[in-house]
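Enquirer: Once you've had a glance at the structure underneath, I'll fire off some questions.
The values are calculated or read from the model by the stated rules, or taken from the named source; none is laboratory data. This is a predicted model, so every value here is computed, not measured. Ligands, DNA and RNA are excluded from the accessible area calculation, which covers all protein heavy atoms including side chains. Shrake-Rupley method; radii C 1.70, N 1.55, O 1.52, S 1.80 Å.
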Amino acid sequence: MFFPLYAVCVKWKKGGMNMSLQEKLVALRRSRKLSQDEVPEQLNVTRQAISRWESGKSVPSTENLIAIAGLFQVPLQFLVEPGRSLETIAEYE
């Protein structure tokens, strides 16, 4: 299975460099053209929570990570593996 949003992340972070969780969250939200006000409605969290996650001030709970993976249709593993190079996308297929 191919996850088309990965291509957006690869373009966003040139050269297939490692992305942090916060960078992945920003890239996925922007790829769907969603604002920080729209995502919380779909995840049942506050706008401030989204802002803290994207700025790296806090991290989502396991329950919220599962919801985020579902919302953006990406494997949970993609979100949680630190320092994962986006050049290894095929490993998720």
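Enquirer: Looking at (1) at pLDDT below 85; (2) more than 13 Å from the chain's Cα centre (by Cα); (3) among the β-branched types (V, I, T), which is the one condition that is false for V10?
Expert: Checking V10 against (1) at pLDDT below 85; (2) more than 13 Å from the chain's Cα centre (by Cα); (3) among the β-branched types (V, I, T), the one that fails is (2).
Enquirer: Also, quick follow-up: Restricting the stretch 35-84 to residues that are open to solvent by less than 50 Å² (accessible area, probe 1.4 Å) and among the β-branched types (V, I, T), which is farthest from L21 (Cα to Cα)?
Expert: Checked the stretch 35-84; the qualifying residue farthest from L21 (Cα to Cα) is V45.
Enquirer: Could you grab me the full set of residues in the stretch 13-29 that are open to solvent by 30 Å² or more (accessible area, probe 1.4 Å) and at pLDDT below 90?
Expert: K13, K14, G15, M17, N18, S20, E23
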